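In what follows, a structure is listed as structure tokens, so that the remarks can point back to it.
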Amino acid sequence: MTTLGILGVGDLTEKMVRGLIRSGAFAGSAFYLSGRNREKAIALVEEFGCVLRTSNQAVVDEADVVLVGVRPAQLEELAHQLVLRTGQPIISVAAGVTVRQLTGLFGERDVSRAILSYASEINQSTVAVFPAQSMAGQLLSTLGTLVSLDTERDFELATIGACMNGWVYFLIDEMQQWLGKKGLPSETARRLVLSSVADSAAYSHYRIETPVGELGASIATPGTYTANGLEVLRERGGPDAWLGACETVFKQLAVRETE
Ligand SMILES: NC(=O)c1ccc[n+]([C@@H]2O[C@H](COP(=O)([O-])OP(=O)(O)OC[C@H]3O[C@@H](n4cnc5c(N)ncnc54)[C@H](OP(=O)(O)O)[C@@H]3O)[C@@H](O)[C@H]2O)c1
């Protein structure tokens, strides 16, 4: 059984640990946690019997594999606090930090990267990993849908997918609030919007052979209310705004890659 050491128990890794334990794939394994964000770590200790360590080095010493869950700007400080064993693998979830940068910080070893979402907690995240055959893929696949990327550039594109996951929350919120302002009870509005989003995703999965744009066009036929609304969205630059956000973040990731 693989023992995981978690450096940086924050918003994302706390949910990942919950999902990994929930999956049952780690039954009998220990999870060692760094103690800096004690509130989240202590909750995992109390609920699941994870083990809290006072120093990052103690976490690393107990772990077969180290999961690095700090923010990119915190990596350097973290790397200075540790001596990893020769060949000890690490998995990093730090967005935009390349394998080359990670080996520069932590030394030559098996380094893999993963991008996930909060739905890790319920094992329904997208689990994008690089390299394609990696420790990240092996250990994290139970957190949701595994998407293995062959190149680091493709992995950065998957990071944009993870950003989109975040943006969708705001779209949902806008829609829910608008419906609420028009008089729909908040709970009804929430259920309606969430169900509509899940419905599009589910039907697109079901019709896997059909391009999603074609499915949309078959709904937004001329004269329909859907088509009328789509025209307004296009006139006001709705789709362009989304693509602009993607381009901006992709450029920021590309800059990090060359740093
Ligand atoms: N949140 C997401 O949805 C998401 C999605 C994709 C990728 N990511 C990536 O996941 C990483 C974590 O994001 P997050 O949102 O979970 O951030 P977060 O909540 O700030 O979690 C980072 C945790 O690491 C702790 N930490 C920092 N330096 C440490 C050190 N030297 N030793 C031990 N613990 C340390 C922080 O403590 P302090 O609060 O005291 O600094 C914090 O508890 C980031 O690299 C981000 O790029 C996040």
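Given the convex hull over the Cα atoms of the range 159-258, what projected area results after averaging over all orientations, in nm²?
On the way: hull surface 32.9 nm².
Taking a quarter of the hull surface, the average projection is 8.2 nm².
Between R85 and E174, what is the label-to-label distance in nm when each label sits 7 Å out along the Cα-to-Cβ direction?
Computed distance between label sites R85 and E174 equals 5.1 nm.
Looking only at V232, V17, V45, which one moves most when the chain is put into a Gaussian network model with springs between Cα atoms under 10 Å?
Answer for the Gaussian network model of the chain: V232.
Once you've got the GNM for the chain with C-alpha springs shorter than 10 Å, pick whichever of G238, G161, G223 has the biggest mean-square fluctuation.
Taking springs between Cα atoms under 10 Å, the residue moving most is G223.
With r as the distance between the Cβ atoms of R234 and T2 and R0 = 51 Å, compute the FRET efficiency 1/(1 + (r/R0)^6) and round to 0.05.
0.55
Rounded to the nearest whole Å², what accessible area per residue is found for the chain with the 1.4 Å probe?
Result: 57 Å² per residue.
What FRET efficiency comes out for the pair I219/I122, r = Cβ-Cβ distance, R0 = 30 Å, nearest 0.05?
The pair I219/I122 has a calculated efficiency of 0.55.
Semi-axes of the chain's equivalent ellipsoid from the Cα gyration tensor, sqrt of 5 times each eigenvalue, largest first, rounded to whole Å?
38, 21, 17
Once amide H atoms are placed 1.01 Å from N in the peptide plane, what residues at a sequence separation of 5 or more from L67, or on another chain, have their amide H within under 5 Å of its amide H?
Counting only residues 5 or more places away or on other chains, the set is G5, I6, L7, I91.
So what are the range 4-149's ellipsoid semi-axes, whole angstrom, largest first, if each one is the square root of 5 times an eigenvalue of the alpha-carbon gyration tensor?
Working through the eigenvalues yields semi-axes of 20, 19, 13 Å.
Return one number: the angle in degrees, 0 to 90 and rounded to the nearest 10, between the long axis of the Cα atoms of helix 238-258 and the longest principal axis of the Cα atoms of the chain.
20 degrees
Starting from the amide H of L52, placed 1.01 Å from N in the peptide plane, find each other amide H under 5 Å away whose residue is 5 or more places distant or on another chain.
Residues meeting the amide H criterion: L33.
For the chain, calculate the relative contact order in percent as a whole number, restricting contacts to Cα pairs under 8 Å that are 6 or more residues apart.
14 percent
Have a look at G19, G107, G28 and tell me which one the Gaussian network model of the chain (Cα, springs below 10 Å) gives the largest fluctuation.
Looking only at G19, G107, G28, the largest GNM fluctuation is found for G28.
Explain nothing, just compute: Karplus ³J(HN,Hα) = 6.51 cos²θ - 1.76 cosθ + 1.60, θ = phi - 60°, for every residue of the range 155-171 in order, whole Hz, x for Gly and Pro.
Those phi angles translate into 5, 5, 5, 5, 5, 5, x, 5, 5, 4, 3, x, 4, 4, 4, 6, 4 Hz.
Quick one: with all protein chains in place, what share of the accessible area of the chain is carbon or sulfur, to the nearest percent (1.4 Å probe)?
Working: 8200 of 14810 Å².
Solvent-exposed carbon and sulfur of the chain make up 55 percent of the total.
Hey, what do the phi angles of the range 33-40 turn into as Karplus ³J(HN,Hα) couplings, whole Hz, using 6.51/-1.76/1.60 and θ = phi - 60°, x for Gly and Pro?
Per-residue couplings from phi come out as 10, 6, x, 6, 9, 5, 4, 5 Hz.
Using the Karplus equation 6.51 cos²θ - 1.76 cosθ + 1.60 (θ = phi - 60°), what ³J(HN,Hα) coupling, rounded to whole Hz, does each residue of the range 128-144 give in order, writing x for Gly and Pro?
Each residue's phi maps through the Karplus curve to give 8, 10, 9, x, 4, 9, 8, 4, 4, x, 4, 8, 9, 4, 6, 7, x Hz.
The values are calculated or read from the model by the stated rules, or taken from the named source; none is laboratory data. Just so we're clear, the structure is a prediction, and the values are computed from it rather than from any experiment. Every residue, glycine among them, receives a Cβ derived from its backbone with ideal geometry; neighbour counts consider all protein chains shown. Remember, those area values only see protein heavy atoms, side chains included, never the ligands or the DNA or RNA. Shrake-Rupley method; radii C 1.70, N 1.55, O 1.52, S 1.80 Å.
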